[in-house]
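The values are calculated or read from the model by the stated rules, or taken from the named source; none is laboratory data. Just so it is clear, the model here is predicted, and its values are computed rather than measured. Note: ideal-geometry Cβ built from the backbone for every residue, glycine included; neighbour counts use all protein chains shown.
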C-alpha cells in the first residue's frame, strides 16, 4: 500500500515537472515558432494553449500586429543637386516568423534593417527625381516606388512591408534662411511691380477724368454763353418792341431804373446841374414849367 502511494506521488511529481514545460500560451496578438535543437518544427498562430516537447523544444513568440518604424529625419540629394530632409514612417508586419528569427531575431534588429532598406531605396529614388517633384503631387508615386523597392528586400527577412509615407519634406535648416530671404525678395519685387502698375493705371484714370472734366466744363460754358446770348438777344428785341410802342414811357422807365441803381444813401455824385440824367428831377413829366438852369 505504501509503495502504491509512493508510486502515485512520484507520478504526480513527474507530471508536475513535465506538464508546465510542455504547455505554452499564445495570445491574440502573437504568433510563435517551435525550435528543436536549432531546427524549425512548426509555426503556431492560433491563440490559446498549445503543446510542445518539454526541455527539447523551445518556443519563440513574435508580434502579429502591424508595426511601425518612425525613423529620424535623413538628408537626401535630389536630381537637381538640392538637399532635402525627409521624415518618413513605414508600416510592416512579421509574415514569416522563422525567417524573421533567423535573420533579425528581435524587433529592434528588424526596425534597424527596415530603416536601412528604406533609406537606401529612398536615396535612390530621390536621386532620380527633382526637388519640385518631391514637394508636388508626385510624392505619392515616389513613396509607392520606394515601398515596392524596399518590399522585395524586406521579404527575405520574413517582413511584409505594408507602406511608406513621407511625413515631412523640407530643406536643411541652414538652407531655409537663404530660401526664405529669396522668397521675401521675390514677393517684394512682385509687390513693387503691382504698385507701379497700379500707380500707372491710377495716373491714366486721373488724366482721363481731368480730360472729361475739362470737356464737360467747356461744353457747359459754351451752352451757358449761348443761352446768355440768346437771352440778351430776346431782351433786346423786347426792349426795342417796348420802346417802339411808347418811347416816352420807355425812356422814363429806364431813367427811373438808372436812378435806383446810382442814387443810394452812400452815393456821392459831382455833376453839372444841367446833366441830362437829372432832367426828370428838374422837370417831372407833365410839367409845363421849365426849371431854371443852374
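Of all residues in segment 60-80, how many are part of a strand (DSSP E or B) and either out of contact with any strand residue (DSSP E or B) (no Cβ under 8 Å at 6 or more places or on another chain) or surrounded by fewer than 17 Cβ atoms within 10 Å (Cβ to Cβ) (or both)? Residues in segment 60-80 being part of a strand (DSSP E or B) and either out of contact with any strand residue (DSSP E or B) (no Cβ under 8 Å at 6 or more places or on another chain) or surrounded by fewer than 17 Cβ atoms within 10 Å (Cβ to Cβ) (or both): 7 in total. Among the conditions (1) free of Cβ contacts under 8 Å to residues at least 40 places away in the same chain; (2) more than 26 Å from residue 45 (Cα to Cα); (3) out of contact with any helix residue (DSSP H, G or I) (no Cβ under 9 Å at 6 or more places or on another chain), residue 108 misses just one, which is (2). Scanning for something farther than 24 Å from residue 160 by Cβ and at pLDDT below 90, does segment 85-102 turn up at least one residue? Yes: one or more hits. Checked against the criterion of being farther than 18 Å from residue 44 by Cα and touching a residue at least 24 places away in the same chain (Cβ under 8 Å), the candidates 93, 113 yield just one match: 113. In the set (1) assigned to a helix (DSSP H, G or I); (2) in contact with a helix residue (DSSP H, G or I) (Cβ under 8 Å, 6 or more places away or on another chain); (3) over 21 Å from residue 168 (Cβ atoms), the condition left unmet by residue 102 is number (2). Apart from one condition, residue 110 fits all of (1) outside any helix (DSSP H, G or I); (2) closer than 30 Å to residue 170 by Cβ; (3) modelled with pLDDT of 80 or more; the exception is (1). Just one of the listed residues (207, 155, 185) is outside the structural domain of residue 112 (by TED's automatic domain parsing), more than 21 Å from residue 79 (Cα to Cα) and more than 33 Å from the chain's Cα centre (by Cα), namely 207. Regarding segment 38-57, can at least one residue be identified that is modelled with pLDDT under 85, in the same structural domain as residue 124 (by TED's automatic domain parsing) and either surrounded by 13 or more Cβ atoms within 10 Å (Cβ to Cβ) or assigned to a helix (DSSP H, G or I) (or both)? No, segment 38-57 contains no residue that is modelled with pLDDT under 85, in the same structural domain as residue 124 (by TED's automatic domain parsing) and either surrounded by 13 or more Cβ atoms within 10 Å (Cβ to Cβ) or assigned to a helix (DSSP H, G or I) (or both). Just one of the numbered conditions (1) surrounded by 10 or more Cβ atoms within 10 Å (Cβ to Cβ); (2) touching a strand residue (DSSP E or B) at 6+ places or on another chain (Cβ under 6 Å); (3) modelled with pLDDT of 80 or more is not true of residue 168; which one? Failing condition for residue 168: (1). Residue 213 meets the conditions (1) more than 30 Å from residue 106 (Cβ to Cβ); (2) part of a helix (DSSP H, G or I); (3) touching a strand residue (DSSP E or B) at 6+ places or on another chain (Cβ under 7 Å) in every case but one. The failed one is (3).
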